[in-house]
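Trainee: Quick one: the structure is below, questions incoming.
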Amino acid sequence: MAPIIHCVRHAQGYHNLNVANHTMPDPQLTPFGEEQCRLLAQNFPYHDNVDCVVASPLKRTLRTALLGFGQDLNQNGLKVMALPELQETSDLPCDTGSAPDVLAKEFEGRPVDLSLVTPDWNSKRGRWDPLPPAIEARAKEARLWLMARPEKEVVVVTHVLIFYLQAAFSTSSQKTGLTRHVSAERDGPIPSFDHTPSPKANHLKRT
């Protein structure tokens with residue numbers, strides 16, 4: 001049986017503060033973004049069921065996963081699995097991830113598994129292209145990878161690709177038990193964990 005997927009959008013990063021910051025390469029979470037992660041950790045109602053945490057390999061998504069689901073990682077002896085197919089969709093500097101060796105140094109000693117992150121994952125060329133056909137293909141690959149997981153409930157921390165993932169889930173002939181969506185980037189307590197947004201999204205939408 002396919003797992004329940006909890007789709008989580010990352011918390012506030014420095015690129016979310018203004019357009020000028022879109023030139024920042026792979027920006028970190030802001031202090032407010034870290035506070036949003038603490039709220040996520042406090043208010044997420046399904047901690048007891050989480051047995052797998054997966055994230056886009058960008059710094060802001062990995063940190064959202066670590067801060068928002070650290071208790072699940074510690075209690076269950078898990079690592080955040082970095083899945084390149086979940087990366088942000090545009091080729092702006094702020095949406096382009098860091099090289100694997102940079103990520104390895106950044107998250108050294110933290111429960112992060114970078115074994116699936118290939119040297120070309122941040123090239124924004126070929127299968128990593130920022131245009132819709134490649135994005136949709138990556139979303140399909142991510143969906144099939146997630147649906148093949150043996151765990152019962154999987155947290156996925158990503159970006160606007162959530163829309164493509166959910167569109168793929170909704171049109172798939174294979175069934176998932178449920179897909180839940182929550183955004184960590186909110187100004188206060190997280191009010192809803194079962195909202196499914198429209199799959200119609202501009203692939204260059206700034207998130």
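Read the figures in this text as sums done on the coordinates, not as results from a lab. This structure is a prediction, so every number in the text was calculated from the model and none was measured. Backbone-built Cβ (ideal geometry, glycine too); neighbour counts: all protein chains shown.
Trainee: Grab the Cα-Cα distance for Glu35 and Asn18, subtract it from 0.36 nm times how many residues apart they are, and report the gain in nm with one decimal.
Mentor: 4.2 nm
Trainee: What is the distance, in nm, between label points placed 7 Å from the Cα along the Cα-to-Cβ direction at Ala104 and at Gln75?
Mentor: Using points 7 Å along Cα→Cβ, the separation is 3.3 nm.
Trainee: Something else: Which entries of Lys59/Lys105; Lys59/Lys124; Lys59/Lys152; Lys79/Lys124; Lys105/Lys140 show an alpha-carbon separation above 19 angstrom in the structure shown?
Mentor: Lys59/Lys152; Lys79/Lys124; Lys105/Lys140
Trainee: Only bridges whose two residues both fall in the range 4-183 count here: according to DSSP, what percent of them are antiparallel, nearest 5?
Mentor: 5 percent
Trainee: So which chymotrypsin sites (Phe, Trp or Tyr not before Pro) in the range 1-48 pass both tests, a DSSP loop state and at most 15 other Cβ atoms within 10 Å of the Cβ?
Mentor: Here the sparse-neighbourhood loop sites are Tyr46.
Trainee: While we're looking at this one, here's another question. Among Met1, Met81, Met24, which comes first, then next, by fewest other beta-carbon atoms within 10 Å?
Mentor: Met1, Met24, Met81
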